[in-house]
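So the structure is just underneath, and the comments pick up after that.
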Amino acid sequence: MDTARYWLALIAVVSFPPAVLYWFVIHPWAGFWRRLGPWKTHLIVGPSMILLGVWIYLYRDDLMRVDFGFVPVFAALAVVSYLFAGALEVLCRRYLKLRILMGVPELSKDPSASSLLTEGIYGKVRHPRYVSVFFGSLAVALFSNYLATWVLQILLIPGLYILAILEERELLDRFGEEYARYMERVPRFVPKFDRTRS
């Protein structure tokens with residue numbers, strides 16, 4: 001159990017920061033990257049994020065020093081959190097093809113190559129994948145229970161929020177009034193539960 005917790009925590013600590021930072025590099029300067037196109041962009045940004053992951057790995061002993069131990073209640077909550085994240089991810093994947101996950105539409109030189117996604121789960125919340133990432137990361141923190149994963153989880157809250165704002169700016173630039181109306185209609189992270197009266 002301790003080995004599984006360690007490796008799960010280490011994978012998260014090494015991979016989550018580069019994965020989130022990747023989009024911090026892409027979204028604010030989407031116009032610049034769009035001129036290069038998706039494949040050149042990934043070839044430039046991708047290796048630097050891999051190097052960041054390697055650098056984090058080199059400091060793994062320091063990062064993984066504080067282990068709070070296995071807590072059965074936390075492990076049970078981790079299962080619930082992971083199942084919720086997984087269910088959200090399944091709902092998202094119904095509408096997201098690999099090219100969308102790779103950021104091809106936002107990095108394409110032809111802005112008409114993509115359309116605004118407002119169906120299914122995207123008709124309930126604007127950023128369901130960020131919600132899924134949050135709960136998936138929370139599951140890792142709960143199960144592994146290392147200080148590093150809890151710090152990562154705390155940093156993920158403002159990180160995902162700022163990332164959502166940066167992505168929305170890029171989408172407003174790409175879709176204009178259509179996205180502005182979508183923002184008015186659909187909440188960012190938490191769906192509205194309107195009670196209808198008969």
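The values are calculated or read from the model by the stated rules, or taken from the named source; none is laboratory data. Keep in mind it's a predicted model, so treat the numbers as computed, not measured. No Cβ is skipped: glycine too gets one built from the backbone with ideal geometry, and neighbour counts run over all protein chains shown. The accessibility values were calculated without ligands, DNA or RNA, using every heavy atom of the protein model including side chains. Shrake-Rupley method; radii C 1.70, N 1.55, O 1.52, S 1.80 Å.
Given Cα pairs under 8 Å that are at least 6 residues apart, what percent is the relative contact order of the chain?
On the way: 192 pairs, mean separation 65.6, N = 198.
Over the chain, the number comes to 33 percent.
When the Gaussian network model of the chain links Cα atoms closer than 10 Å, the mean-square fluctuations of 179, 59, 161 top out at 59. Distance from the C-alpha centroid of the range 105-177 to that of the range 30-66: 18 Å, rounded to the whole angstrom.
Rolling a 1.4 Å probe across all protein chains gives residue 49 an accessible area of roughly 20 Å². For the range 1-102, build the charge dipole from Cβ charges (+1 Lys, Arg; -1 Asp, Glu) around the Cα centre, then report which of 72, 42, 52 sits farthest towards its positive end. After comparing all options, I get 42.
Counting lysine pairs in the chain whose alpha carbons fall under 25 angstrom apart, excluding pairs fewer than 8 residues apart on the same chain, gives 5. If you run the Gaussian network model on the chain, springs between alpha carbon atoms under 10 Å, then out of 99, 129, 34 the most flexible one is 99.
Dipole check for the range 1-79: with +1 at the C-beta of Lys and Arg, -1 at the C-beta of Asp and Glu, and the Cα centre as origin, the magnitude is about 460 Debye. Taking 0.36 nm per residue of sequence separation and removing the Cα-Cα distance, the residue 24/residue 162 pair yields an extension gain of 48.8 nm. Directionally averaged projected area (the chain, Cα convex hull): 13.1 nm². Per the Debye formula on identical point scatterers at the alpha carbon atoms of the range 133-198, with no solvent, log10 I(q)/I(0) at q = 0.14, 0.17, 0.26 Å⁻¹ is -0.62, -0.76, -1.06. Each stretch of four or more DSSP H residues adds -39500 (n - 2.57); spread over every residue of the chain, this sum gives -23000 deg cm²/dmol at 222 nm. With Cα atoms as the point set, the radius of gyration and Dmax of the range 47-103 evaluate to 17.0, 41 Å.
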